[in-house]
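So the structure is just underneath, and the comments pick up after that.
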Amino acid sequence: MSGEVNEQKTPPGSRCGFVAILGAPNAGKSTLVNRAVGQKVSIVSPKVQTTRSRVLGIVTEGATQIVLIDTPGIFAPRRRLDRAMVAAAWGGAADADAIVLIVDAARKGGLDDETRSIIAGLKKQDRKVILALNKIDIVKREVLLTLTAALNAEGVFTDTFMISAETGDGVDDLMTFLAQRMPEGPHHYPDDQVTDAPMRSLAAEITREQLFRQLQQELPYALTVETDSWEEFNDGSAKIQQTIFVARDSQKAIVVGKGGVRIKEVRERAQRDLEEVMERKVHLFLFVKVRENWADDPERFRALGLDWEA
Ligand SMILES: Nc1nc2c(ncn2[C@@H]2O[C@H](COP(=O)(O)OP(=O)(O)OP(=O)(O)O)[C@@H](O)[C@H]2O)c(=O)[nH]1
Ligand SMILES: [Mg+2]
């Protein structure tokens, strides 16, 4: 696992481990990670494939540090970008001390193909997995029981939790359970750190979250966001400039909106979210650029934290 090893003294009974959060797109993985950490470290939207690379959410309570690895949803990849996203998800699982599979219990039609294929992949690797049925706030009890029985028949799961990442129901129980299973050893990160991503990346993600939330259909998948510059001022405020890369002129027109209304709304909301996360005044500036092949550009992959060769 990358990241600097924390040099602070190991307290008695110290534990630390990595927990991979796997699941189909939209299952609620990022919502769970944010809930466990207690703040936004990973972006969330009602659309599938919101998370594009591995995101760490670090939870330290007393002597135990749990490093949650939020992963992109696993699905059948088509584009190079998709392939890199899925590779990042499996990569997250490979290094982990424990794996939690999140299943959207509210999904119409029961178990989805993506979840089935993840279970098949885990079986192949002979990994033992903790099952978390999510979104219990909107599911009937009978549905939960049927789903639990079907999933447990797979023989992959050691334990089952029923949670609502949204309301927090059951999340403490899951975290307490995970804490007991973390190996003994020093903490990897300082106890007050919540993620390993630099603020510049999180800031770009927060703008991308607004674009995912406010744009329709395929457009969110046709864009990426990068932070170009970051200036801090004596009064504590920050000036952040970002570029939204789209693939075509027509997409740029939609992102900007009639008379600039869309980009204005995205800017205002992203700025507000940034101010909340950073606890300071932020001046956000957004530029939209057409870069036809950004999804085939190694530079853009690196900015996303993805592996070009995946
Ligand atoms: N009702 C309800 N909605 C939830 C719950 N957890 C997540 N959601 C919603 O489900 C949607 C997807 O949540 P995400 O956390 O982005 O899901 P994800 O698994 O990270 O998705 P990808 O990153 O696309 O793989 C969002 O609209 C969330 O608000 C839950 O417990 N209850
Ligand atoms: Mg996600």
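The values are calculated or read from the model by the stated rules, or taken from the named source; none is laboratory data. Here the structure is a predicted model, which means the values were calculated and not measured. Methodologically, a virtual Cβ is constructed for each residue, glycine included, from the backbone with ideal geometry; neighbour enumeration extends over all protein chains shown. Just the protein is used for accessible areas: all its heavy atoms, side chains included, with ligands, DNA and RNA removed. Shrake-Rupley method; radii C 1.70, N 1.55, O 1.52, S 1.80 Å.
Restricting to DSSP H runs of at least four residues, report the calculated mean residue ellipticity at 222 nm for the chain, -39500 (n - 2.57) per run over all residues, nearest 500 deg cm²/dmol.
-10500 deg cm²/dmol
What whole number of Å gives the distance from the Cα centroid of the stretch 97-159 to the Cα centroid of the stretch 188-202?
30 Å
Of all DSSP beta bridges located in the stretch 46-186, what percent are antiparallel, nearest 5?
Approximately 40 percent, going by the DSSP bridge assignments.
Mind checking Rg over Rh on the stretch 210-253, alpha carbons, Kirkwood formula for Rh?
1.14
Please report, largest first and rounded to whole Å, the three semi-axes of the ellipsoid equivalent to the stretch 96-199, where each semi-axis is the square root of five times an eigenvalue of the C-alpha gyration tensor.
One finds semi-axes of 26, 18, 13 Å for the stretch 96-199.
Ratio of alpha-carbon Rg to the 2.2 N^0.38 Å globular estimate for the stretch 28-92, to two decimals, please.
Against the empirical 2.2 N^0.38 Å value, I get 1.18 for the stretch 28-92.
Per residue, how much accessible area does the stretch 210-310 have with a 1.4 Å probe, in Å²?
Per-residue value: 57 Å².
Return the percentage of antiparallel bridges among DSSP beta bridges fully within the chain, rounded to the nearest 5 %.
35 percent
Could you give each residue of the stretch 218-235 its phi-based ³J(HN,Hα) in whole Hz, using Karplus coefficients 6.51, -1.76, 1.60 with θ = phi - 60°, and x for Gly or Pro?
7, 4, x, 7, 8, 10, 9, 10, 10, 8, 8, 8, 8, 10, 9, 10, 4, 7
Express in whole angstrom the spacing between the alpha-carbon centres of the stretch 10-80 and the stretch 264-310.
Distance between centres, Cα-based: 20 Å.
Please say if the stretch 181-237 is rounded, prolate or oblate, where rounded means a/c under 1.5 for a ≥ b ≥ c the square roots of the C-alpha gyration tensor eigenvalues, and otherwise the choice is prolate for a/b larger than b/c and oblate otherwise?
It is oblate, given that a/c is not under 1.5 and a/b is not larger than b/c.
Can you list the HN-Hα couplings for the stretch 296-304, worked out from phi with the Karplus curve (6.51, -1.76, 1.60; θ = phi - 60°), rounded to whole Hz and with x for Gly and Pro?
10, 10, x, 4, 5, 4, 4, 4, 7
Given axes a ≥ b ≥ c from the Cα gyration tensor, I'd like to know whether the stretch 246-310 is rounded (a/c under 1.5), prolate (a/b larger than b/c) or oblate.
oblate
How many Å² of accessible area per residue for the stretch 55-189, probe 1.4 Å?
Accessible surface, normalised per residue, equals 46 Å².
Going by average Cβ density within 10 Å per residue, which order do the peptides 246-258, 148-160, 207-219, 127-139 take, highest to lowest?
127-139, 207-219, 246-258, 148-160
Could you give log10 I(q)/I(0) at q = 0.11, 0.13 Å⁻¹ for the stretch 1-149, computed by the Debye formula over C-alpha point scatterers of equal weight, without solvent?
Each listed q corresponds, in turn, to -0.44, -0.60.
How big, in percent, is the set of alpha carbon pairs in the stretch 161-200 lying more than 17 Å apart?
55 percent
Return the long-range amide H neighbours of Phe161 (sequence gap of 5 or more, or a different chain), with a cut-off of under 5 Å between placed amide H atoms.
Result for Phe161 returns Leu131, Ala132, Leu133.
Amide H of His283 versus every other amide H placed in the peptide plane: which residues, excluding those fewer than 5 positions away on the same chain, fall under 5 Å?
Ala238, Lys239, Ile240
Per residue of the stretch 173-190, in order, report the coupling 6.51 cos²θ - 1.76 cosθ + 1.60 (Karplus, θ = phi - 60°) as ³J(HN,Hα) in whole Hz, putting x for Gly and Pro.
Whole-Hz 3J(HN,Hα) from phi for the stretch 173-190: 4, 4, 5, 5, 4, 5, 4, 5, 9, 6, x, 5, x, x, 5, 7, 10, x.
Given a Förster distance of 35 angstrom, what is the FRET efficiency for Ser237 paired with Gln39, based on the Cβ-Cβ distance and rounded to 0.05?
It comes out at approximately 0.95.
Can you pull a Stokes-Einstein diffusion coefficient for the chain at 20 °C (1.002 mPa s), Rh from Kirkwood over Cα pairs, as a whole number of µm²/s?
105 µm²/s
With only Lys, Arg, Asp and Glu charged, each at its Cβ (+1 for the first two, -1 for the last two), find how big the charge dipole of the chain is about the Cα centre; round to the nearest 20 debye.
Roughly 1080 debye, rounded to the nearest 20.
Springs between alpha-carbon atoms under 10 Å, Gaussian network over the chain: tell me which of Pro298, Pro12, Pro183 tops the mean-square fluctuations.
Pro12
Using a 7 Å offset from Cα along Cα-Cβ at His283, what residues in the stretch 198-238 end up with backbone N under 12 Å from the label point?
Backbone N within reach: 231-238.
List the residues of the stretch 266-282 whose backbone N lies under 16 Å from a point placed 7 Å from the Cα of Met199 along the Cα-to-Cβ direction.
Counting backbone N atoms under 16 Å from the label point, the list is 271-282.
Rounded to a whole number, what % of the accessible area of the chain do carbon and sulfur atoms account for, probe 1.4 Å?
In the chain, the share of accessible area belonging to carbon and sulfur is 47 percent.
Pull up all non-local amide H partners of Asp169: gap of 5 or more, or a different chain, and H-to-H distance under 5 Å with H placed in the peptide plane.
Ser164
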